[in-house]
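Colleague: This is the structure I want to talk about, given as structure tokens.
What follows is calculated from the coordinates using simple rules that are stated; it is not laboratory data. Keep in mind that what you see is a predicted model, and the values were worked out from it rather than measured. Note that each Cβ is placed from the backbone with ideal geometry, even for glycine, and that neighbours are counted across all protein chains shown.
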Amino acid sequence: MRVLVVGSGGREHALVWKLAQSPQVTEIFCAPGNPGIAQIATCLPIGVTDIVELADFAEKMKVDLTVVGPELPLTLGLVDELAKRRLLAFGPNKLAAELEGSKVFSKSFMRKYEIPTAEAEVCTTRAEAEKAVKAFGLPCVFKADGLAAGKGVVIARDEAEKEKALKLFFGERVFGSAGDRVLVERFVTGDEVSCMVLCDGERAIPLATAKDYKRVFDGDRGPNTGGMGGHSPSVFVDATTAREILTDIVHPTLRGMAEEGRPFRGVLYVGLILENGMKPYVLEYNVRFGDPETQCVLVRLEDDLLPYLLGSARGRFDENAKPVWKKEAGAAVVLAAEGYPGPFERGKPIEGIEDAMAEEGVFVFHAGTAKSPDGKLVTAGGRVLVVTARARGLSEALTRAVHGAEQVQFEGKHFRRDMGSKAMEILRERTGSGLS
Ligand code: GLY
């Protein structure tokens, strides 16, 4: 079977790595890929937004399944273009991808189907936003309606931050048309959890739980990023909460989307907050795998990923489909370039990947890397590499990932060492906690 993976990050490297292990996969292409992916797949010079070119390639090369990594090609209708040509694709179509593509759509969808989420107002002017902030009080959250490369959510904790946010959204209009409509949302405190479920339009197959750490610095300080690391299991989700997430959130979402004529296929990634002692709330929907949650989860998947992706793409999972997870934990540490998540340096030579990979249970997934004209591996993105480790326990997996992160060298490298300290505290408090 021929598979095309669309994307170029650490998430796509992990997907290609896992799919390459499938006995059914004979050839893997990746568009555009990265130097790490190029070691195990054929990379193509086609960008993720080149919808027609991607579909032309899949048609010409008789690709059996296209797996779409990032949200942008999904919201641009890549799956629809492939479907027009009777080609199978893993991921939601354009209508279903609006769950991530428009925060205004997803908020009104949640209201309509009574899915727990924070109160919010849709604002198009500064005056409306000021009124909403007054009603909710500080802190509160500003969210650009459209896709904003992970930067469209701003938490205003005090008056100064509120003024800054108002200026950003309504004065400077840094989000362009993605910020034409802005959600001002009540702030909910608690532990954030990433819940990813594979969907075939009706059924949901939960993946192992995971948690990511979005702030750039240790101690959850500094600005938000795409994710500086994470671990699986999340440890914040016990069996009761996991059931609640499925019955109160995931199943109503799938039923609602089907009722709206937008049946959801692909991976639904629900960003949740667990308010102390309260029911889980939806912070946001994503319509693709999380990055770096996917790396933490896929290193734990015992069985073949391909049949799940095929079942989802065909609109029907196998009757008995139920993933088997290794009784081990996964942890990921993102190595970022100097300046990230602001403007960052590129072209810095990278060394030590082989040393990190020589450690037992350590996998280094490439994200923002490139080959220089003289063939050297250099940095080319904000998140450069994702050092991922698997080990018998969460603490060991995190230690291994941090140790691996220390082996890799490039000028300006920075990463978080503290991830999981809160998780470890919770684990220590619990007795007999199992992995899930
Ligand atoms: N790790 C957060 C995300 O993938 O959106």
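Colleague: With 10 angstrom as the radius, rank Lys348, Lys164 by how many other C-beta atoms surround their C-beta, starting from the fewest.
Modeller: Details: Lys348 18, Lys164 15.
Least crowded to most crowded, the residues run Lys164, Lys348.
Colleague: Counting only GluC sites (Glu not before Pro) that sit in a DSSP loop (anything but H, G, I, E, B) with at most 12 other Cβ atoms within 10 Å, what is the longest stretch of the chain containing none of them?
Modeller: Numbers: sites that count: Glu114, Glu172, Glu302, Glu319, Glu360, Glu411.
With a cap of 12 other Cβ atoms within 10 Å, the longest stretch comes to 173-301.
Colleague: About its Cα centre, how strong a charge dipole does the range 1-82 have in debye, to the nearest 20, once Lys and Arg get +1 and Asp and Glu get -1 at the Cβ? Working shown, then result.
Modeller: Numbers: 5 positive and 10 negative charges, 73 e Å.
Dipole about the Cα centre, nearest 20: 360 debye.
Colleague: Now a separate question. Strictly over 19 Å apart at the Cα level, which of Lys131/Lys214; Lys376/Lys413; Lys18/Lys326; Lys112/Lys322; Lys348/Lys376; Lys143/Lys214 would you flag in this model?
Modeller: Values: Lys131/Lys214 29 Å; Lys376/Lys413 17 Å; Lys18/Lys326 14 Å; Lys112/Lys322 31 Å; Lys348/Lys376 10 Å; Lys143/Lys214 16 Å.
Among Lys131/Lys214; Lys376/Lys413; Lys18/Lys326; Lys112/Lys322; Lys348/Lys376; Lys143/Lys214, the Cα-Cα distance tops 19 Å for Lys131/Lys214; Lys112/Lys322.
Colleague: List every residue whose amide H lies under 5 Å from the amide H of Thr369, counting only residues 5 or more places away in sequence or on a different chain, with H placed 1.01 Å from N in the peptide plane.
Modeller: Ala380
Colleague: Further, regarding this structure: Work through the residues other than Lys94 whose Cβ is under 10 Å from its Cβ and net out their charges, Lys, Arg +1 and Asp, Glu -1.
Modeller: On the way: positive: Arg262; negative: Asp80, Glu81, Glu98.
After counting each charged neighbour, the total is -2.
Colleague: Continuing with the same structure: How long are the semi-axes of the ellipsoid equivalent to the chain, from square roots of 5 times the Cα gyration tensor eigenvalues, in whole Å, largest first? List each step's numbers first, then the result.
Modeller: Details: eigenvalues 182, 137, 112 Å².
They are 30, 26, 24 Å, listed largest first.
Colleague: When the Karplus curve 6.51 cos²θ - 1.76 cosθ + 1.60 is applied with θ = phi - 60°, which whole-Hz ³J(HN,Hα) does each residue of the range 4-17 get, with x for Gly and Pro?
Modeller: Couplings: 10, 9, 9, x, 8, x, x, 4, 5, 4, 5, 5, 5, 4 Hz.
Colleague: How large is ³J(HN,Hα), in whole Hz, for each residue of the range 151-159 in order, when computed from phi with the Karplus curve 6.51 cos²θ - 1.76 cosθ + 1.60 and θ = phi - 60°, using x for Gly and Pro?
Modeller: Result, rounded to whole Hz: 10, x, 10, 10, 9, 9, 8, 9, 4.
Colleague: For the range 209-216, what does the Karplus curve 6.51 cos²θ - 1.76 cosθ + 1.60, with θ = phi - 60°, yield as ³J(HN,Hα) per residue in whole Hz, taken in order and with x for Gly and Pro?
Modeller: Couplings: 5, 8, 9, 10, 10, 8, 6, 6 Hz.
Colleague: Right, here's the next one. Please give the length that would be gained between Glu192 and Asp418 if that part of the chain were fully extended, namely 0.36 nm times their separation in residues minus their C-alpha to C-alpha distance (nm, one decimal).
Modeller: Numbers: separation 226, 0.36 × 226 = 81.36 nm, distance 1.62 nm.
Stretched fully, the Glu192-Asp418 segment lengthens by 79.7 nm.
Colleague: Now a separate question. Just how far, in whole angstrom, is the range 177-222 from the range 363-436 if you go by their alpha carbon centroids?
Modeller: If we compute the Cα centre of each part, the gap is 20 Å.
Colleague: In debye, nearest 20: dipole of the chain around its Cα centre with unit charges on the Cβ of K, R (+) and D, E (-)?
Modeller: Details: 56 positive and 61 negative charges, 78 e Å.
Using only the charged Cβ atoms, the result is roughly 380 debye.
Colleague: Related question: Which length gain, in nm to one decimal place, applies between Glu354 and Glu396 when the Cα-Cα distance is subtracted from 0.36 nm times their residue separation? Walk me through the numbers before you get to the answer.
Modeller: Values: separation 42, 0.36 × 42 = 15.12 nm, distance 2.02 nm.
Result: 13.1 nm gained on full extension.
Colleague: Here's something else I'd like to know. Between Glu172 and Lys134, what is the label-point separation in nm under the 7 Å Cα-to-beta-carbon projection?
Modeller: In this crude label model, Lys134 to Glu172 measures out at 2.6 nm.
Colleague: I would also like to ask the following. Compute the Cα gyration tensor for the range 285-436, then decide on rounded, prolate or oblate, letting a ≥ b ≥ c be the square roots of its eigenvalues: rounded whenever a/c is under 1.5, prolate when a/b is larger than b/c in the other cases, and oblate in all that remain.
Modeller: Working: a/c = 2.04, a/b = 1.36, b/c = 1.50.
Taking the square roots of the gyration eigenvalues as a ≥ b ≥ c, the range 285-436 is oblate.
Colleague: Projected onto the charge dipole of the range 78-181 (+1 at Lys/Arg Cβ, -1 at Asp/Glu Cβ, origin at the Cα centre), which of Ala118, Val154, Val104 gives the Cα projection farthest towards the positive end?
Modeller: Among Ala118, Val154, Val104, the one farthest towards the positive end of the dipole of the range 78-181 is Val104.
Colleague: In terms of modelled amide H atoms, which long-range or inter-chain residues lie less than 5 Å from the amide H of Ala89?
Modeller: Correct list: Thr66.
Colleague: Return the long-range amide H neighbours of Cys43 (sequence gap of 5 or more, or a different chain), with a cut-off of under 5 Å between placed amide H atoms.
Modeller: Amide H neighbours of Cys43, under 5 Å, 5+ apart: Cys30.
Colleague: Using the Cα centre as the reference, give the magnitude of the dipole from point charges on the C-beta atoms of the range 26-146 (Lys, Arg: +1; Asp, Glu: -1; all else neutral), rounded to the nearest 20 debye.
Modeller: 280 debye
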